[in-house]
Each structure stands twice: as C-alpha cells, then as structure tokens.
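Some notes on the structure that comes next.
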Amino acid sequence: MKPLEDILIIDLSQFLSAPSATLRLADLGARVIKVERPETGDICRQLYVSNTILNGESSVFRAINRNKESFQADLKNDIDKQRVLKLIEQADVLVHNFRPGVIDRLGLDYDIIKKINPGIVYGEISGYGSEGPWASKPGQDLLLQSLSGLTWLSGNEGNGPTPIGLAIADILSGAHLVQGILAALLKRSKTGEGSKVSVSMLESILDFQFESITTFYHDGGQPTIRPKSNSAHAYLGAPYGVYQTADGYLALAMGSIPFLGELLGNGKLVEFQEVASWYDRRDEIKDLLATTLLQENTEHWLSILEPADIWCASVMNWEELFELEGFKVLDMIQNVRMGDGFEYETTRCPIRIDGDILKSPLGSPALGEHTQSIINELIPE
C-alpha cells in the first residue's frame with residue numbers, strides 16, 4: 001500500500017509548477033483528478049520543449065501528468081462549476097496555480113472553499129506571492145531565474161549571466177508545495193483542521209540559493225565573482241570545476257591542491273600549501289589544472305584520482321550514462337500506458353518506501369477522459 005492511498009486531490013493547475021507537485025503526490029498513492037478546460041485543456045498539452053510529440057501532444061505534458069485522471073469542466077459555467085465544487089467537498093487536497101486574483105474571481109478562494117470543506121488542505125503556487133509590486137507578473141521559469149540572481153552563479157566570469165537549462169524554479173516550487181501539503185495533512189490527522197499552503201516560485205528559487213545568499217550577507221556584501229575558467233560554483237575555491245581531458249571532460253570537487261599536484265605530477269600545484277590560496281588564487285590554480293589534465297584521457301586520470309579518494313567523475317551525456325550498470329541498477333525508467341493503448345517511457349518517482357520502488361503503469365490522460373466515470377462515481381445527478 002502506498003502511503004497516500006485514499007487521499008483525493010482536485011488539481012486545478014496547469015503548466016509545470018503545481019502539476020509537478022500533484023505528480024509526486026500521485027506517485028505516493030494519492031488519487032489526482034485534474035480539472036481541465038474544455039477543448040484546450042491544460043495549456044501544457046501544447047507547450048513544447050522540443051519538436052517531440054507523444055500521441056498528438058507535448059512530451060512535457062505526458063511526463064508531468066502521468067498517473068492522473070482528467071475531468072473536463074468550464075469553471076465559468078455554473079453547471080460545471082457546481083460539479084467541481086461537489087468534487088472539492090469530498091477532497092482532501094485542492095491545488096491551483098492561478099495568478100493572484102484569478103481564483104477569487106472564480107469564487108474558489110480559500111475562504112469560500114473552507115466553508116464547504118473545513119478540513120481541506122488548500123495548496124497554491126504563485127510566481128511572486130500574493131502581495132507587492134510583482135504579484136501580477138507572469139511566473140515563468142526563465143524570468144524567475146533571471147531576476148533572482150541565480151544566473152550569476154553558473155558559467156565563467158565575463159561570459160554574462162548563465163541560466164540553468166531546466167525549469168528549476170517550477171520544479172523546486174512544486175517540491176516545496178508537496179512538503180507543505182504533507183505537513184498540513186499530518187496536522188489535520190492530529191487536529192482535524194485544514195490549512196492553506198502557499199508557495200511562490202520566487203521564494204523557492206531564493207531558498208535554493210541559501211548558502212550563497214548567507215555568504216553574501218556575511219562577507220561584507222562583496223560582489224559575486226565566478227571563476228574565469230572551468231567554473232562549477234561561484235564561491236568555492238579550486239579545484240572545484242569541470243576540466244577538459246584528451247578525450248572528454250573530468251569533474252573535480254573539493255580536494256587538497258598540493259596533494260592533487262603530487263598525484264598529477266605538477267610541482268607548481270604543490271606550492272599552494274595555504275588553503276586561503278585555493279580561493280585567492282583560484283584562477284591561477286585552475287589554469288594549471290586545466291593544462292595538466294588536457295594531457296591524458298579521462299580514464300587515465302580517474303585511475304589515479306579515485307584510488308586516492310579524490311572526489312572526481314567523468315562528465316557523461318545521457319547516451320553514455322544509460323549504458324552503465326550504475327544507472328541500470330536504479331531502475332529509473334518505467335513504461336506507462338495511456339487509456340488508448342499508447343505507451344511511452346518516462347522516469348519513475350525517485351522515492352523508495354521501505355525499499356520498494358514506487359511505479360505506476362498509468363500514462364497521462366486524454367482531455368476529459370474520465371469526466372463521465374467521475375460524475376457517475378462522485379457526483380451522481
């Protein structure tokens with residue numbers, strides 16, 4: 001039995017942030033009914049990150065909305081809205097990510113919902129919170145990365161801001177919403193009281209930078225200076241970074257520079273005995289490392305560094321990774337099937353419970369696929 005079985009979630013969200021939260025809750029056993037507008041459904045059905053189409057719709061939608069049911073309803077239509085309200089009356093959790101003000105105009109804000117279901121856990125994600133001058137801004141991932149300071153932590157100094165090539169603000173805020181919802185469900189089990197759980201993408205992406213922001217406030221507010229080359233972290237000293245070898249790339253994490261000098265046969269590196277120099281002379285050290293590591297292939301260096309307990313790794317792409325036993329043993333890829341029989345491969349839930357892997361064979365739903373069966377079961381006329 002999965003831990004959230006018998007938990008009913010009504011999901012009014014779309015795009016990536018909140019749907020990633022309901023995906024994880026579904027993986028943990030919750031029943032997720034995804035309410036979608038007629039004809040178009042979740043906008044993410046047509047939001048493409050590439051030209052890959054899976055069974056007529058976006059691969060992003062297929063990945064993030066598996067293991068859910070689709071209920072078609074126009075929230076501006078009174079009959080449809082009343083049906084959704086009947087579902088909400090029976091639900092344990094309601095999730096949405098409308099912009100501030102929209103949910104109020106729909107008459108589905110927390111103050112109204114808790115009157116019809118006092119024990120409900122009401123989860124919401126916004127871009128920038130419900131107050132302040134940015135509240136109405138669009139909560140789009142790249143925009144959040146850009147104004148949060150995150151883009152100045154990656155890449156080399158002098159190359160301009162470097163965003164992370166994933167929807168990281170969306171996925172982090174979804175994970176934080178899951179944490180809040182689970183905490184609120186635990187509270188309800190003890191007190192019987194529901195809660196409103198609010199997360200913003202901006203707060204999530206700022207929390208993601210807690211180490212660097214804390215450093216900023218305690219180093220006199222010095223500007224963030226990234227390494228001039230081989231960058232992997234704006235604040236960490238040498239050797240931290242990615243270096244080219246004769247046939248690929250090698251990642252080096254923390255380690256003693258003099259010891260590395262001995263292992264790599266570079267006497268100049270041995271001279272950096274003071275830890276402070278690994279920060280103050282970071283660029284000089286990285287240049288020496290880069291020149292040395294370029295002389296041999298990756299496996300040669302790994303054969304020297306790994307036995308010496310130096311934290312290092314080959315830099316792989318997916319094609320290389322997926323062929324290795326270290327990946328295969330994780331069993332991270334699952335095959336799921338849609339209601340029409342279409343099958344596709346995607347990742348599974350990364351959480352294990354009592355050693356058990358959490359998988360579900362159910363793919364993403366067709367728009368409105370479960371509307372009538374849900375009406376028959378939960379809102380009989």
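The values are calculated or read from the model by the stated rules, or taken from the named source; none is laboratory data. Note that the coordinates shown come from a computational prediction; the quantities given were computed from them, not determined experimentally. Cβ sites come from the backbone with ideal geometry, for glycine too, and all protein chains shown count toward neighbours.
The table below lists the values:
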quantity	calculated
Test: residue in region 357-377 that is part of a loop (DSSP other than H, G, I, E, B) and farther than 29 Å from GLY56 by Cα	no
GLN295 of a type outside the set (A, V, I, L, M, F, W, C) and assigned to a loop (DSSP other than H, G, I, E, B)	yes
All positions within region 167-178 that are among the hydrophobic types (A, V, I, L, M, F, W, C) and under 8 Å from the mean Cα position of the chain (by Cα)	ALA167, ILE168, ALA169, ILE171, LEU172, ALA175
Residue in region 311-320 that is outside the structural domain of ALA253 (by TED's automatic domain parsing), more than 26 Å from THR40 (Cβ to Cβ) and either among the β-branched types (Val, Ile, Thr) or in contact with a helix residue (DSSP H, G or I) (Cβ under 6 Å, 6 or more places away or on another chain) (or both) present	no
Residues (in contact with a His (Cβ under 7 Å, 6 or more places away or on another chain) and either in a helix (DSSP H, G or I) or under 14 Å from ASP283 (Cβ atoms) (or both)) located in region 192-239	SER204
Number of the condition not met by ALA183 [criteria: (1) assigned to a loop (DSSP other than H, G, I, E, B); (2) over 16 Å from the mean Cα position of the chain (by Cα)]	(1)
Some residue of region 105-121 being assigned to a loop (DSSP other than H, G, I, E, B) and under 22 Å from the mean Cα position of the chain (by Cα)	no
Condition met for ARG31 (out of contact with any Asp or Glu (no Cβ under 6 Å at 6 or more places or on another chain), of a type in the set (D, E, K, R) and crowded, with 22+ Cβ neighbours inside 10 Å)	no
When residues of region 39-75 are limited to those that are under 15 Å from MET338 (Cα atoms) and among the acidic types (Asp, Glu), the one modelled with the lowest pLDDT	GLU57
Test: residue in region 270-285 that is over 30 Å from ILE225 (Cβ atoms) and assigned to a loop (DSSP other than H, G, I, E, B)	no
Flag for ILE125 being among the aliphatic types (A, V, I, L, M), in a strand (DSSP E or B) and within 27 Å of ALA169 (Cα to Cα)	yes
Complete set of residues in region 312-334 that are under 21 Å from the mean Cα position of the chain (by Cα) and assigned to a strand (DSSP E or B)	ILE333, GLN334
Within region 16-101, helices (runs of 4 or more DSSP H) holding 1 or more residues that are touching a Lys or Arg at 6+ places or on another chain (Cβ under 9 Å)	17-27, 59-64
GLU131 vs. criteria assigned by TED's automatic domain parsing to the domain that holds PRO19, among the acidic types (Asp, Glu) and modelled with pLDDT under 95	yes
Residue identified as surrounded by 14 or more Cβ atoms within 10 Å (Cβ to Cβ) and within 30 Å of LYS68 (Cβ to Cβ) among GLN334, GLN244	GLN334
Residues that are over 35 Å from the mean Cα position of the chain (by Cα) and either of a type in the set (Gly, Ala, Ser) or at positive phi (or both), drawn from region 277-308	SER277
Members of region 153-194 that are crowded, with 19+ Cβ neighbours inside 10 Å and polar (S, T, N, Q)	SER173
Scan of region 1-15 for residues that are surrounded by 24 or more Cβ atoms within 10 Å (Cβ to Cβ) and outside any loop (DSSP other than H, G, I, E, B), ordered by number	ILE10, ASP11
Hits in region 41-54 (condition: in contact (Cβ under 8 Å) with a residue 12 or more places away in the chain and surrounded by fewer than 17 Cβ atoms within 10 Å (Cβ to Cβ))	ILE43, GLN46, LEU47, TYR48
Number of positions in region 138-152 that are surrounded by 21 or more Cβ atoms within 10 Å (Cβ to Cβ) and within 30 Å of ILE120 (Cβ to Cβ)	3
